[in-house]
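Chemist: One structure, pasted below without further comment.
Read-outs throughout are calculated quantities, based only on the coordinates presented, and are distinct from any laboratory measurement. No experiment lies behind these values; they were computed from the predicted model shown. When we count neighbours, we look across all protein chains shown, and the Cβ atoms used for this are built from the backbone with ideal geometry, even at glycine.
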Amino acid sequence: MGVCGGDAKKDECDICNGPGVVEPYCECNKVRGCDGVCGSGLMWDVCNECDGDGFPEGKCNCEGDTLDCNGNCGGIEFVDECDVCNGTGIKYHLGECDC
């Protein structure tokens with residue numbers, strides 16, 4: 001409850017003895033977007049792009065890597081001709097001709 005004849009004043013956000021507009025706000029109820037515009041609502045994505053879409057479609061990181069067959073982002077494992085992840089494939093040198 002206020003004091004009759006007191007010196008408290010409302011700030012620009014209508015708060016008694018309030019601090020006014022302080023970071024991260026640029027207006028009483030608005031924050032500055034990543035584009036620098038007050039209230040734009042734009043945010044930084046996981047790849048640090050303003051209003052970006054995050055990882056490129058089909059990729060597992062911002063560098064554009066994909067998952068290998070073991071599920072490692074940017075990994076080097078691949079599926080051989082026998083459909084085995086990191087397999088040895090057909091061993092022609094051992095006389096094998098199929099999987």
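Chemist: Cα convex hull of the stretch 10-54: mean projected area in nm², to one decimal?
Modeler: For the stretch 10-54, averaging the hull's shadow over all directions gives 3.2 nm².
Chemist: How big is the chain on each of its three principal axes, counting only the C-alpha atoms and giving the largest first in Å?
Modeler: Extents along the principal axes: 102, 27, 12 Å.
Chemist: Can you find, among Pro56, Val21, Ser40, the residue sitting farthest towards the positive end of the charge dipole of the chain, where Lys and Arg contribute +1 and Asp and Glu -1 at Cβ?
Modeler: Value computed over the given set: Val21.
Chemist: Here's a follow-up. Give the distance, in whole Å, between the Cα centre of the stretch 16-31 and the Cα centre of the stretch 50-99.
Modeler: So the separation of the two Cα centres works out to 51 Å.
Chemist: Now a separate question. Quick check for me: using +1 on Lys/Arg Cβ and -1 on Asp/Glu Cβ, what's the dipole size of the chain about its Cα centre, in debye to the nearest 20?
Modeler: So the dipole magnitude of the chain works out to roughly 660 debye.
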